[in-house]
Amino acid sequence: MSLNRVAVVLHAPHGVEVVKQMAKLVYGLGYNLLVLSKPTSAAAQTGVPEASRLAFKLGRGLLIVPDIKDAIELIQPTETLFFVENKKAEPYREEDVCLKVKSGDTVALFFSGLEPGFSAKETEHGKAVRLNLPGEVGCIGLAAIVLYGLRQKLLAL
C-alpha cells in the first residue's frame, strides 16, 4: 500500500497530548509509521509510552530518535519535507509527493511539536514547505490537513 511509503515525523514534542493526538491521527488515517524525534519533558516520559502502546495495539510502527538527522538516516527518504508557517517557504505540492510515493520512493513529512516551528538550520536537512492557510492551525491541525489530503489522493490513484 502506498501509505506505507510515507513516514510522519513529529519533531521536538514536549506535551503528552500532542504525541497522543499525532499517533491517533497518523494511525487513524492508515499510515504505518510515526517517528518521534527529540521528544522532551512529559512527551518523553508519558507520551512515548502511550504512543507505543497504541502502535503495538494497532500493529503499526513507532520509532523514537534523538534528532532529525537520526530520523533521516533510519528512514532514508527520497524526499524530506518540513512543514512551516513561513510565507517565504515553497508551497506544498501534494501532486509531487503522490508521484514520488507511487513510484516507490519514501517520503518523510516533518511537523514541529514546538512553537514557532523549525529553525532554518533544521530545515537544511530537507525542503521547507507551507500550506496557503489564512491563519495558524498548530501542528496537529496542519498534519491533519496534509495527511488527509495526501491519503485521499494516494488511494484514488
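The values are calculated or read from the model by the stated rules, or taken from the named source; none is laboratory data. Source: prediction; values computed, not measured. Methodologically, a virtual Cβ is constructed for each residue, glycine included, from the backbone with ideal geometry; neighbour enumeration extends over all protein chains shown. Note: accessible area is taken over every heavy atom of the protein model, side chains too, but ligands, DNA and RNA are not part of it. Shrake-Rupley method; radii C 1.70, N 1.55, O 1.52, S 1.80 Å.
Within the range 131-152, which residues are among the charged types (D, E, K, R) and at pLDDT 95 or above?
Applying the first criterion (among the charged types (D, E, K, R)) to the range 131-152 yields 136, 151.
If the condition is that a residue be among the charged types (D, E, K, R) and at pLDDT 95 or above, then R151 is the only one that fits.
Could you tell me whether T46 is open to solvent by 40 Å² or more (accessible area, probe 1.4 Å), β-branched (V, I, T) and modelled with pLDDT of 95 or more? Break it down stepwise before answering.
On the way: open to solvent by 40 Å² or more (accessible area, probe 1.4 Å): yes; β-branched (V, I, T): yes; modelled with pLDDT of 95 or more: yes.
Against the criterion (open to solvent by 40 Å² or more (accessible area, probe 1.4 Å), β-branched (V, I, T) and modelled with pLDDT of 95 or more), T46 qualifies.
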(message) Let me confirm something: among K38, K20, K24, K57, which residue is closer than 18 Å to L74 by Cβ and among the basic types (K, R)?
(response) K38
(request) Could you please tell me which pairs satisfy a Cβ distance under 7 Å, a separation of 6+ or placement on different chains, a first residue in the range 98-120 that is over 30 Å from G15 (Cα atoms), and a second residue that is open to solvent by 60 Å² or more (accessible area, probe 1.4 Å) and not charged (D, E, K, R)? (result) C98/L157; K100/T78; K102/L157; D105/T78
(request) Among residues belonging to the range 108-141 that are within 22 Å of E95 (Cα to Cα) and under 10 Å from the mean Cα position of the chain (by Cα), point out the one that is most open to solvent (accessible area, probe 1.4 Å). (result) I140
(request) Filter the range 26-41 down to residues that are of a type in the set (A, V, I, L, M) and open to solvent by less than 10 Å² (accessible area, probe 1.4 Å) and give me whichever is farthest from R151 (Cα to Cα). (result) L36
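Looking at A55, A23, A51, which one is surrounded by fewer than 20 Cβ atoms within 10 Å (Cβ to Cβ), farther than 17 Å from L114 by Cβ and touching a Leu at 6+ places or on another chain (Cβ under 7 Å)? Before the answer, list the steps.
Numbers: A23 fails: surrounded by fewer than 20 Cβ atoms within 10 Å (Cβ to Cβ); A51 fails: surrounded by fewer than 20 Cβ atoms within 10 Å (Cβ to Cβ).
After ruling out the rest, the residue left standing is A55.
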(request) Can you run down the residue pairs with Cβ atoms below 6 Å, 6 or more apart or on separate chains, where the first is in the range 3-28 and at pLDDT 95 or above and the partner is among the acidic types (D, E) and open to solvent by 10 Å² or more (accessible area, probe 1.4 Å)? (result) K20/E50
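What number of residues within the range 71-107 are open to solvent by 50 Å² or more (accessible area, probe 1.4 Å) and either among the aliphatic types (A, V, I, L, M) or within 24 Å of A42 (Cα to Cα) (or both)? Before you say what the answer is, go through the steps one by one.
Filtering the range 71-107 for residues open to solvent by 50 Å² or more (accessible area, probe 1.4 Å) gives 73-74, 76, 78, 85-88, 90-91, 93, 95-96, 99-100, 102-103.
In the following step, the residues that additionally are either among the aliphatic types (A, V, I, L, M) or within 24 Å of A42 (Cα to Cα) (or both) were identified as 74, 99.
Here the count works out to 2.
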